[in-house]
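First the structure, in the form of C-alpha cells, and then the observations on it.
The values are calculated or read from the model by the stated rules, or taken from the named source; none is laboratory data. In this text the structure is predicted, and so the values were computed from the model without any measurement. Methodologically, a virtual Cβ is constructed for each residue, glycine included, from the backbone with ideal geometry; neighbour enumeration extends over all protein chains shown.
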Amino acid sequence: MGRIRRQRVAEALRDELGRLLQMELKDPRVGLASIVQVEVSQDLRHARVYVSVYGSEEEQRQAMQALNGAKGWLRGEVGRRLGLRYAPELTFVADSSIRHGARISELLRSLKEE
C-alpha cells in the first residue's frame, strides 16, 4: 500500500474520530480529549490513535478507559462514514507531549526569573 494512501487514510481517521469525540460520544469521562495523530499499518487493518487529554492523570486514565470501551462503536462509525472496506482495529495511546511541553516551558520560565 502506498505511503500517500496510508497518510490520507490516517488524516481522514484523525478528522472523523475527532468529530465523533466532540459531537457524538456521550461518555463524560472523555472530557477534553483530542486526537493528536493517527498511524495506520501498511495493510490499513490497524490504526494507532494518539490521544491527548487535558486534565489530571486520573482524568486521563478515565478518558482512556472510556475510549477503549467505545472502541467497537468508533471503529464501526469510522468505517461506515469513510466508506472503508475494512475498518481498522483501533489502538488508543495516551500522548503526553503537551504535558511535557508545558513542563519545559515552566522550567525555562523559572530559569529566566533566576
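So is R75 touching a Pro at 6+ places or on another chain (Cβ under 8 Å), surrounded by 16 or more Cβ atoms within 10 Å (Cβ to Cβ), of a type outside the set (A, V, I, L, M) and at pLDDT 90 or above or not?
Yes: the conditions hold for R75.
Out of the residues in the range 45-62 meeting the condition of being modelled with pLDDT of 90 or more and of a type in the set (A, V, I, L, M, F, W, C), tell me which one is farthest from S96 (Cα to Cα).
A47
What number of residues in the range 13-43 are at pLDDT below 90, buried (at least 18 other Cβ atoms within 10 Å of the Cβ) and more than 20 Å from Q60 (Cβ to Cβ)?
Counting residues in the range 13-43 that are at pLDDT below 90, buried (at least 18 other Cβ atoms within 10 Å of the Cβ) and more than 20 Å from Q60 (Cβ to Cβ) gives 0.
Where in the range 41-114 are there helices (runs of 4 or more DSSP H), lying wholly inside it, with at least 3 residues that are of a type in the set (D, E, K, R) and touching a residue at least 12 places away in the same chain (Cβ under 8 Å)?
The helices (runs of 4 or more DSSP H) meeting that bar are 71-82.
Quick test for you: out of R3, R8, pick the one residue that is farther than 24 Å from S96 by Cβ, exposed (fewer than 13 other Cβ atoms within 10 Å of the Cβ), modelled with pLDDT of 90 or more and charged (D, E, K, R).
One residue alone meets the criteria, R8.
State the number of residues belonging to the range 1-40 that are assigned to a helix (DSSP H, G or I) and free of Cβ contacts under 8 Å to residues at least 60 places away in the same chain. Before you say what the answer is, go through the steps one by one.
Initially, the range 1-40 is screened for residues assigned to a helix (DSSP H, G or I), giving 3-23.
Next, only the ones that are free of Cβ contacts under 8 Å to residues at least 60 places away in the same chain stay: 3-8, 10-11, 14-15, 18-23.
Summing the residues that are assigned to a helix (DSSP H, G or I) and free of Cβ contacts under 8 Å to residues at least 60 places away in the same chain in the range 1-40 gives 16.
Using the structure shown, decide if V36 is in contact with an Asp or Glu (Cβ under 7 Å, 6 or more places away or on another chain) and farther than 15 Å from P88 by Cβ. Break it down into steps so the answer makes sense when it comes.
Numbers: in contact with an Asp or Glu (Cβ under 7 Å, 6 or more places away or on another chain): yes; farther than 15 Å from P88 by Cβ: yes.
The answer is yes for V36.
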